[in-house]
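The values are calculated or read from the model by the stated rules, or taken from the named source; none is laboratory data. Everything numeric in this text was worked out from a predicted model, so none of it was measured. Every residue, glycine as well, gets a Cβ built from its backbone with ideal geometry; the counts of neighbours run over all protein chains shown. Ligands, DNA and RNA are stripped out before the accessible areas are found, and what is left, the full protein with its side chains, is counted by its heavy atoms. Shrake-Rupley method; radii C 1.70, N 1.55, O 1.52, S 1.80 Å.
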Amino acid sequence: MTRIVIAGGGMSGLSLAAHLAVADHRHPVVVIDDGSRPLDAMTWASWSSRPGLLDAAASRWFDKIRVHVNGRTTVLRLGRYRYRVVRGADLAAVVRRYTDPLRHFTYERGHVDGLTDGGLIVDGRFLRARWVFDSVIGPEDEPPPDGELVFRGWRVASERAVFDPEIPTLFDFRTSQAHGASFVYVLPEDAHHALVEHTSFVPPGTPPDETAQKEALAEYLGEVAGAGHYEIDREEHAVLPLRAAQPTRQHDHVLTIGARGGLLKASTGFAYERVQRDSAAIAESMQRHGHPFDLPRAPARFRLFDGVLLDVVTREPTQLERAFGALFRYRTAEPALRFLDEETVVPQELQLFAGMPAATYLAAARQRLTR
Ligand SMILES: Cc1cc2nc3c(=O)[nH]c(=O)nc-3n(C[C@H](O)[C@H](O)[C@H](O)COP(=O)(O)OP(=O)(O)OC[C@H]3O[C@@H](n4cnc5c(N)ncnc54)[C@H](O)[C@@H]3O)c2cc1C
């Protein structure tokens, strides 16, 4: 049986389906999703420095960001990067343009109960598969989280024209640090409408404080943004487990993809662009070798950096502003984004770290390495 099953038709499952449709025509592909996370409710933003197969899914592109850190607001050009916004329905529509013309690609509604020898269990029934790309079950030895990203976002309609339609705010630290290392993120649609999101890095297992999040959002909209009267059209909230360690993705005929596969960057909570690159690499491996396992790996030090940052900021929340301030202190955001994309070399990293308290980070790194 040569069937490929993609377990979960969310961001990573759909992205992989499109890349396989372009690269590999030997196997029938079935995407199975139980509908538990409706795509219409999802939007992903991310930065990117190169063209991608699914670029047509982006509804907005920005070439500048705003940051407010250490008491100063700065607008930064993105250099060779662009910041883009992809809505769930648009991603699905663009993916279907690639897969619908291929009769051997199908989409099925079903609940994946588990993975098993030679296939998987869907709605209680065994389904044989040569390869399973799993975004829903996850590896057996999933590493424990090093922290959590807790966020609550309001899509607001403000009476006053307070949002800059051309410039998203990647982080604004004018919010209380009492409930964890926190900032506010603003993704504008136009001068009156934006997603305003309160985001905190907290130790694993910290229960989200809904009241504090809502108070912080109201305070930001009132006192910082000066929104005046506003309506909340939609709310999103989530707790994302952040893992610095790489889970074992490969097991027999299974490759874990998406957030469960460790593609969520532990120091940012972003996964979209990493999933695009991973999908392209999987499809290329399939085409070249007939298996999906020839995947590039970033140097291990980047996972150490993520873990150390999480250790430091979950212990001492005010360090997050110092760290982001150091990374984004250049004329453009490019050095910071290149580092977060794990594409810097050691001398560049040493320069970026120069603005951070060395003793705090070295002690945290030492602790991590001797655990
Ligand atoms: C609210 C929110 C906002 C985010 N915003 C961003 C962002 O702006 N930028 C960014 O880079 N990252 C963002 N992330 C992080 C990350 O990119 C997303 O979580 C992303 O959707 C992960 O992709 P995935 O394919 O691993 O999981 P999902 O996209 O969640 O896909 C999993 C799919 O599997 C289905 N499913 C679940 N269980 C089963 C089962 N047992 N059987 C069958 N189907 C099942 C679900 O219906 C879903 O469609 C965000 C996360 C959340 C929660």
Enumerate by residue number the trypsin sites (Lys or Arg not before Pro) in region 67-127 meeting two conditions: DSSP loop (anything except H, G, I, E, B), and at most 16 other Cβ atoms within 10 Å of the site's Cβ.
80, 103
Pairs of Cα atoms farther than 26 Å apart, region 220-371, %:
41
For region 301-369 the mean separation of alpha carbon contacts under 8 Å (6+ apart) over residue count, i.e. relative contact order in percent, is 45
At the level of C-alpha centres, the distance separating region 11-49 and region 51-87, in angstrom, is 22
What does the charge count around residue 306 come to, taking other residues whose C-beta lies under 11 Å from its C-beta (Lys +1, Arg +1, Asp -1, Glu -1)?
+2
For the chain, what are the per-bin percents of Cα-Cα distances with bins 10 Å wide, up to the bin holding the maximum?
5, 23, 32, 25, 13, 2, 0
Where both partners of a DSSP beta bridge lie in the chain, what percent of those bridges are antiparallel, to the nearest 5?
75
Dipole size in debye (nearest 20) for the chain around its Cα centre, Lys and Arg Cβ +1, Asp and Glu Cβ -1?
1140
GluC sites (Glu not before Pro) restricted to region 154-259 and DSSP loop, no more than 14 other C-beta within 10 Å:
159, 166
Charges on Cβ only, +1 for Lys and Arg, -1 for Asp and Glu, centred on the Cα centroid of region 147-242; of 216, 195, 226, which one is farthest towards the dipole's positive end?
216
Probe 1.4 Å, protein heavy atoms only - accessible area per residue of region 93-231 in square angstrom
48
The distance between the Cα centres of region 258-291 and region 134-161, in whole Å, is 18
Over the chain, what is the relative contact order in percent, taking alpha-carbon pairs closer than 8 angstrom and at least six residues apart?
19
Relative contact order (percent, whole number), region 147-242, Cα cutoff 8 Å, 6+ residue spacing:
45
Centre separation in Å (Cα based) which lies between region 216-257 and region 189-210
6
Would you calculate the volume per residue, in Å³, of the smallest convex hull containing every Cα atom of region 301-369?
81
Identify the chymotrypsin sites (Phe, Trp or Tyr not before Pro) of region 122-193 meeting these criteria: DSSP loop state and at most 12 other C-beta atoms within 10 Å of the C-beta.
none
Taking all protein chains as present, what is the carbon and sulfur share of the accessible area of the chain, in % to the nearest whole number, probe 1.4 Å?
52
Mean residue ellipticity (222 nm) of the chain, computed from DSSP H runs ≥ 4 via -39,500 (n - 2.57), nearest 500
-8500 deg cm²/dmol
